[in-house]
1. What is the pair-distance distribution P(r) of segment 531-630, computed from all Cα-Cα distances in 5 Å bins starting at 0, with each bin given as a whole percent?
2. Using alpha carbon centroids, what distance separates segment 152-183 and segment 556-633, in Å?
3. Report the relative contact order of segment 531-630, percent, no decimals, based on alpha-carbon pairs under 8 angstrom and at least 6 residues apart.
4. Sort 218, 179 by Cβ crowding within 10 Å, fewest neighbours at the top.
5. Only Cα pairs under 8 Å and at least 6 apart count here; give the relative contact order of the chain as a rounded whole percent.
6. Where the centroid of each part is defined by its Cα atoms, how far is segment 381-406 from segment 77-106 in Å?
7. Between the alpha-carbon centers of segment 439-513 and segment 117-151, tell me the distance in whole angstrom.
8. Where both residues lie in segment 7-126, what percent of DSSP beta bridges are antiparallel, nearest 5?
């Protein structure tokens, strides 16, 4: 591993340095420019390294060209205006993607592809795609925050600096925690076993064994070589013990893992996560293990989360680093006015942040009560400034460490590994800026802002919505009923249609993203269309056929001459659900047919309601079928 090239850092991107580095590593055979569209998909092409080196200046300046059919940019890259350029970003680290199954004949090292994070450019001028939106969001946040600090000097009473003149640079930091399931191909563990193991905490932070241990350890070591500064890897709550087969090989592997690494700047953090996922998949596959980053791979057991941490610091002109969220008086205050404003901005505007966080059917399947997944727009600060919160039921956690001001940050708990991290971070910081602006321009002190965020339902506030509660130190699942949660914290969207409809329901909140054209009206419409297209295509072509397969597999198992009334009772209920879900009559279409027809007619509101009914009916069908099957000899 020591002989391999993993990264070309951002400070080594002159043509001379690149040529020298690649010259020392002949195993690097290809170059790929990695653009990120609004759907979060990355581009990949194989440019022979000789061609790249032959005209490197041209590649680095003008990139390569693709068209709208190869990237998700609806309403932007149309068929009659589809030219899209992929332009390298020289300000971030570049990574090498290794093909561990293909050793270079000359060096014996895995053949590598240099992956260069890039921007997407449409019509030679308009920069589009997720990386560009995040870049512009962070630039806007830094510029506007400096202006707010300059115009509202009272805030320096609450942070560890005397004036705006002391600040050299605003620094944005972000990090994600990656959860994923691994399993042996074609093996499906019993859902009841998984659920029982989860409730008993039989896997949480336990010692890994067999190929899972080997793959995890090798993955951690390789990621360390990339410079990701790995912090830990461990078992998560989901999974069952693997079995050692007669051949001495582990089979029936079904385990959930998590890996964590150190924070970076916002764009670099998103780029890092993108590369880390590829390494994880590649290494585990070498050991015969499939990896899934789906938010909810299996119903009834824990899904995969990707908690996203975000902070704001400043480097002073004397070289000292300070945390702008942390207060000077940590003994008596939770945060500075900047921190409180940022948190309030995220909470107030989460209705329009959520469409960027949970944009798929799978992501919303994860966000259900009972699986440590947040469903309520609420935060926890802690019972006192001396007692940092560890409430895992809230949407946004305030992370603090006594004696370490630099640790103060927010943990957004709703994203999953399939979330578009570029847009999640961009939307979150634009929302934070909105809250900071309101707090500082109203001259609010930390104690005033604490009272605001802790307000009662129905209480007026200078910024937050009247009929909402934003802070709870209680377990929101155990201490509130579903009706109370919906009333106090807002009703959580249940389908992608309900989620993306927030763009129409809260136009005033959507304006925060348009500040200084960070997200233009066209970009927002493009994202909205991409999300809807994905939802209706997946529902139409994948979910409905999968449900029909479930219906067909719930077959009659008993013999009418050798059964009891219990069997007949449950089978009658099962058959009724099967008919309701999947069997058309001449004048009455079944539920699945009605879903398809609603989608074809672009009646998305009806399709959304029918999707929820379908999910409820399938859950009931599976529950009844398990009961029915267990009673048979």
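Each value in this text was obtained by applying a stated rule to the coordinates, not by laboratory testing. Values in this document were obtained by computation on a predicted structure and should not be read as measured data. Quick reminder, even Gly has a Cβ in these numbers, built from the backbone with ideal geometry, and neighbours come from all protein chains shown.
1. The percentages, shortest bin first, are 2, 12, 23, 20, 16, 11, 8, 4, 2, 1, 0.
2. Result: 52 Å between the Cα centres.
3. Normalised by residue count, the contact order of segment 531-630 is 31 percent.
4. On the way: 218 17, 179 23.
If I rank by nearby Cβ atoms, fewest first, I get 218, 179.
5. On the way: 1164 pairs, mean separation 78.8, N = 633.
Normalised by residue count, the contact order of the chain is 12 percent.
6. 40
7. Cα centres, segment 439-513 to segment 117-151: 27 Å.
8. 75
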